[in-house]
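Heads up: the structure comes next, in structure tokens.
The values are calculated or read from the model by the stated rules, or taken from the named source; none is laboratory data. Because the structure is predicted, anything quoted here is derived from the model rather than measured. Reconstructed Cβ throughout: ideal geometry from the backbone, glycine too, with neighbour counts over all protein chains shown. To get the accessible areas, we keep the full protein, side chains included, count just its heavy atoms, and leave off ligands, DNA and RNA. Shrake-Rupley method; radii C 1.70, N 1.55, O 1.52, S 1.80 Å.
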Amino acid sequence: NKITTLDFKLIPETADSHIIDGDENYEESGVLKVDTVTLNEEIKRLKLNNMRIKLLKLEAEGAELNVLEGCLEFLKNIEFITADVSFEKKDGSSSLPEVTNLLYENNFEIIDVSASRYVLLFRNRELI
């Protein structure tokens, strides 16, 4: 397994702790070193390669695309993906276009959108 150590920046006042660079308007209260692996690597390690996954919930503080890129090999096994694509990227933008495009390219479609937040529910057209 390829393990990468990253800095996890703690921002408890707003619950916006993150690994990727986030909003510089908030002062970090600390940094933790965390070991990370991609979902591709973890699924292989657990020998779940052929298992069908009902739901992947993405709430990655602007790094949703990074998470999806780290599980491209197994997207075909996932029935549903819910993604919080709020305006949480460093530049204040949303990951909505990139996430939607990547999922459309991998046979997913939007089946629901939260009225109060930028949370989308995608369905794998090949599994349902």
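Name the residues in the stretch 34-52 that are of a type outside the set (D, E, K, R) and under 15 Å from the mean Cα position of the chain (by Cα), would you?
THR36, VAL37, THR38, LEU39, ASN40
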**Report entry** Matching option when the condition is in a loop (DSSP other than H, G, I, E, B), open to solvent by less than 80 Å² (accessible area, probe 1.4 Å), touching a strand residue (DSSP E or B) at 6+ places or on another chain (Cβ under 8 Å) and touching a residue at least 40 places away in the same chain (Cβ under 8 Å), among GLU61, GLU79
**Finding:** GLU61
Report summary line: Scanning the stretch 98-114 residue by residue, those at negative phi and outside any strand (DSSP E or B) turn out to be GLU98, VAL99, THR100, ASN101, LEU102, LEU103, TYR104, GLU105, ASN106, SER114
Query raised in the report: Which residues, taken from the stretch 90-118, are surrounded by 12 or more Cβ atoms within 10 Å (Cβ to Cβ), more than 16 Å from VAL67 (Cβ to Cβ) and among the charged types (D, E, K, R)?
Result: LYS90, GLU109, ASP112
Report task. Quick one: GLU109 ticks every box in (1) more than 13 Å from the chain's Cα centre (by Cα); (2) touching a residue at least 24 places away in the same chain (Cβ under 8 Å) except a single one, so which number is it? Result -> (2)
Report task. Inspect the stretch 94-117 for any residue being at pLDDT below 90 and under 22 Å from THR4 (Cβ atoms) and give the result as yes or no. Result -> yes
Query - Test: ASN1 is touching a helix residue (DSSP H, G or I) at 6+ places or on another chain (Cβ under 6 Å), at pLDDT below 80, in a loop (DSSP other than H, G, I, E, B) and open to solvent by 40 Å² or more (accessible area, probe 1.4 Å) - result: yes
Query - Residue check for LEU121: open to solvent by less than 90 Å² (accessible area, probe 1.4 Å), at pLDDT 90 or above and on the phi < 0 side of the Ramachandran plot - result: yes
